[in-house]
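Here's the structure we're looking at; comments come further down.
What follows draws every value from the coordinates through simple rules; no lab data is involved. On a predicted model such as this, the values are computed, not experimentally measured, just so you know. As a convention, Cβ positions derive from the backbone with ideal geometry for all residues, glycine included, and neighbour counts pool all protein chains shown.
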Amino acid sequence: MATPGTRVRLSAYERGIAEALVQGWNYEPLAARELVVEYIKVIRRLGGYEPCTHYAALIDRAKRAGHTPSMWIQRIVDIEQGEAMDRGIGEEQSRHYLQSK
């Protein structure tokens with residue numbers, strides 16, 4: 001998150017998320033921008049593959065549920081680490097085959 005007194009420059013996509021929060025979730029424009037800035041690391045980590053309204057819904061839900069950006073990032077890291085350890089279905093089939101003999 002930005003330090004006090006600094007201003008984060010939002011991309012057009014990130015501004016679209018803020019606009020979606022205003023239009024679809026009744027946020028005031030400044031509050032929507034602040035929410036996007038608060039979750040900017042999450043948004044940038046996830047990439048811009050979904051419609052802005054999708055991320056607006058996720059951010060609104062996370063905020064209401066008390067899920068901080070750092071909690072969200074940690075969950076992403078945990079999932080990525082699990083995927084890195086997953087050797088695929090071929091490994092699972094081989095292990096099962098060898099155990100059944």
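Between beta-carbons, use under 13 Å as the cut-off and find the net charge around residue 23, counting Lys and Arg +1, Asp and Glu -1.
Cβ neighbours under 13 Å give a net charge of -2.
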Per-residue counts of other Cβ atoms within 10 Å, averaged by peptide: what ranking do you get for 74-80, 30-36, highest first? 30-36, 74-80
Most packed first (mean Cβ within 10 Å per residue), the peptides 13-21, 37-45, 65-73 order as 13-21, 37-45, 65-73
